[in-house]
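Nothing in this text is a laboratory measurement; each read-out follows from the coordinates by a stated rule. Bear in mind that the values here come from a model prediction, so they are computed numbers and not experimental data. Glycine also receives a Cβ, built like all others from the backbone with ideal geometry; neighbour counts cover every protein chain displayed.
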Amino acid sequence: MDTQILKGDILAEKLLQLVSKKIEEFKEATSTTPGLGILAIGEFEGGKSYRQAIEKLCKEIEIYLEIKILPSFISLREAIEELEIFNASPNINGILIEMPLPANFPEKDFLLHLSPQKDVDCLSLLNRGKFALDSFSVISPCTPLAVYCLLIEYGIRLKGSHLVIVGRSNIVGKPLALLMLRKGIDATVTVCHSKTPHLEQFTSQADILVVAVNSPRLITSSMIKEGAVVIDVGINKIFDSKLGKDIIVGDVDFEDVMGKASAITPVPGGVGSLTRVLLIKNTLKLAYLQRGLEDETFLLS
């Protein structure tokens with residue numbers, strides 16, 4: 001079987017052209033520049049490279065970016081104080097809290113203080129609740145939205161399809177399940193996780209398999225059915241002994257799955273590329289709303 005490559009970077013470039021145009025219109029209308037604030041607590045694998053990619057993108061399209069990296073041992077009170085600076089800053093329209101937070105950090109208490117009006121990735125409890133209740137708020141979580149956009153762009157049938165998600169994080173797995181269950185999308189959704197026994201019994205039933213667990217090359221050809229669509233959200237750095245250097249791979253064994261899957265996203269160049277552009281688009285959406293400007297075709301698309 002010929003496997004189609006679902007190139008997120010191509011779709012991202014198309015979307016970026018629209019976003020860049022809207023940024024220029026926003027600057028002309030307001031004499032200000034949209035701004036994104038990134039707040040990280042501690043470091044985790046992949047966090048630095050993700051920030052660098054966003055920084056490069058922000059420079060390319062000329063929007064303001066401010067990054068705060070706080071120590072992993074910071075107290076909740078001190079972290080909230082830093083977050084409140086972003087909440088109050090007129091230069092910051094969108095705030096991204098880098099996830100995951102340290103294991104011992106009180107995530108729920110912290111996110112209570114994230115301004116819903118500046119919440120660029122639907123992490124505040126208010127926005128999560130709206131999203132869970134099918135309230136189509138202006139902001140949707142960037143990675144689940146990227147998965148959805150890729151499937152739609154390539155004409156992958158969702159209605160009635162069995163979509164299996166491996167991973168139950170608050171960033172990808174859970175919101176993606178909610179999104180795909182919405183009326184009008186109408187996928188049938190199964191969510192698996194680290195405690196799911198006999199994982200292959202579930203993944204092999206998927207018409208569409210989405211993997212988001214950051215486990216290098218976890219999914220092999222024996223774990224999918226013939227003709228499945230495979231969406232790889234994982235980003236993992238591993239050492240390649242043949243090349244003698246670190247490389248980036250996904251949660252799916254790309255080479256092994258080729259020829260059995262009908263379509264697959266590459267890593268890099270797949271979901272991640274589109275996620276970053278959607279992050280900028282969400283920031284711009286929030287900037288429009290905060291200024292009381294209306295452009296519904298852009299805001300709601």
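Using all pairs of distinct alpha-carbon atoms, the Kirkwood hydrodynamic radius of the stretch 1-112 works out to 16.1 angstrom. The distance linking the stretch 180-194 with the stretch 85-149 is 21 Å (Cα centroid to Cα centroid, whole angstrom). A simple charge model with +1 on the Cβ of Lys and Arg, -1 on the Cβ of Asp and Glu and nothing else charged puts the dipole of the stretch 189-301 at about 320 debye relative to its Cα centre. Counting lysine pairs in the stretch 32-121 whose alpha carbons fall under 18 angstrom apart, excluding pairs fewer than 8 residues apart on the same chain, gives 7.
Projecting label points 7 angstrom from Cα along Cα→Cβ for L243 and R182 puts them 3.6 nm apart. Considering every pair of different Cα atoms, what Kirkwood radius, in Å, is found for the stretch 240-282? Across the stretch 240-282, the inverse of the average 1/r is 12.4 Å.
Computed from the alpha carbon atoms alone, the convex hull of the chain holds 137 Å³ per residue. Each Cα pair under 8 Å and six or more residues apart adds its sequence gap; the mean of these over the residue count of the stretch 32-121 is a relative contact order of 41 percent. The lysine pair tally for the stretch 142-272, using Cα distances under 24 Å and a gap of 8 or more places or different chains, is 11. Size descriptors for the stretch 142-272: radius of gyration and Dmax over Cα atoms are 14.0, 49 Å. Look at the Cα gyration tensor of the stretch 73-196: its axes a ≥ b ≥ c give a/c of at least 1.5 with a/b over b/c, and that counts as prolate.
Working note: 222 nm ellipticity from helices only, DSSP H runs with n ≥ 4, each -39,500 (n - 2.57), summed and divided by the residues of the chain, gives -11500 deg cm²/dmol to the nearest 500.
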